[in-house]
Structures are given as C-alpha cells and as structure tokens.
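The values are calculated or read from the model by the stated rules, or taken from the named source; none is laboratory data. No experiment lies behind these values; they were computed from the predicted model shown. Cβ coordinates were reconstructed from backbone atoms using ideal geometry, including for glycine residues, and neighbour counts include every protein chain displayed. Calculation scope for accessible area: heavy atoms of the full protein, side chains included, ligands and nucleic acids excluded. Shrake-Rupley method; radii C 1.70, N 1.55, O 1.52, S 1.80 Å.
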Amino acid sequence: MLNAITHSQIYVLDQDQALDFYVGKLGLEVSADVDMGFMRWLTVSIPGHPERQILLEKPGPPAMSDETAQQVRELVTKGVMGGHLIFSTDDCRKTYETLLGRGVEFTEEPTDRPYGTDCGLRDPFGNHIRLTQPKA
C-alpha cells in the first residue's frame, strides 16, 4: 500500500525566477533540475530532506494545450489556482524577520492561533505559502 508522499506540484510562470525565490530567498535546495526535452523537471526540498520534493512546473505542453496553459497562467497570477504550501518552522517570528531581510513580501504578519504561530506570503506567481510554528 501507499507509504509516503514524495512529490507535490505547484505552477510557476518562470522556473529561473522560481529558483531565485524558493532557493535564494526561502532557503530550499534543488533536488532535481533536468531538461527532459519537452519540459524542465525542477524540484526543490527542505535542506537535508529530499524525500519530499516540490515540483515547480511551468504550465504548457505536453500536459496542456497552449490555450489551457494561458488560462492556468492567468489563474496562478490571480492567486486562485489552488497552489498552497505550508512549511513548519521552530520560530515563526525569527523566520519572518530573516525572510523580510531577504526581500520576501508577506501578506500576513506572525499571528498567534490555537494551533501555534503562523504567517502568510505569496510567491512571485501568486501561490499561497504559510509558515507555521506548531504549539508546543
């Protein structure tokens, strides 16, 4: 039976810009960057945890027609495509300050909640990201 989730996928509009954001600003590491001819297989992961990767996929052929890809790009840009990532952190406020210093723009400052402390941001393409420090 199933025993792990190994990959999740979000759409990005520019894979080089995605690398700059996810690796350069958030501090993830490249797990795979492979030119497959018909697409670029680009994945990132938390440093030291390659068992769970995020595929940074550019909408387009062969998975979809040019017309559909354009519609997907528009939905991603509006932030309604459903791309959501939630990362855990040991110190939400410290991580927030560190990422602010790297130029990351947040949509929500760290807030205490019943489950812990979290904050929100969006990547350069409109995907929603939350950073969560679980309650001890």
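Is it the case that Lys94 is open to solvent by 30 Å² or more (accessible area, probe 1.4 Å), in contact with a strand residue (DSSP E or B) (Cβ under 6 Å, 6 or more places away or on another chain) and either in contact (Cβ under 8 Å) with a residue 12 or more places away in the chain or not hydrophobic (A, V, I, L, M, F, W, C) (or both)?
no
Tallying residues that are modelled with pLDDT of 95 or more and surrounded by 14 or more Cβ atoms within 10 Å (Cβ to Cβ) within segment 30-39 yields 3.
Here is a yes/no grid of residues against (1) at pLDDT below 95; (2) in contact with a Gly (Cβ under 6 Å, 6 or more places away or on another chain):
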position	(1), (2)
Pro61	yes, no
Ser65	yes, no
His84	yes, no
Leu99	no, no
Glu108	no, yes
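Here Thr132 qualifies as more than 20 Å from Leu19 (Cα to Cα), in a strand (DSSP E or B) and either of a type outside the set (Val, Ile, Thr) or touching a helix residue (DSSP H, G or I) at 6+ places or on another chain (Cβ under 8 Å) (or both). Entry remark, segment 51-85: residues being open to solvent by 80 Å² or more (accessible area, probe 1.4 Å) and in contact with an Asp or Glu (Cβ under 8 Å, 6 or more places away or on another chain) number 1 in total.
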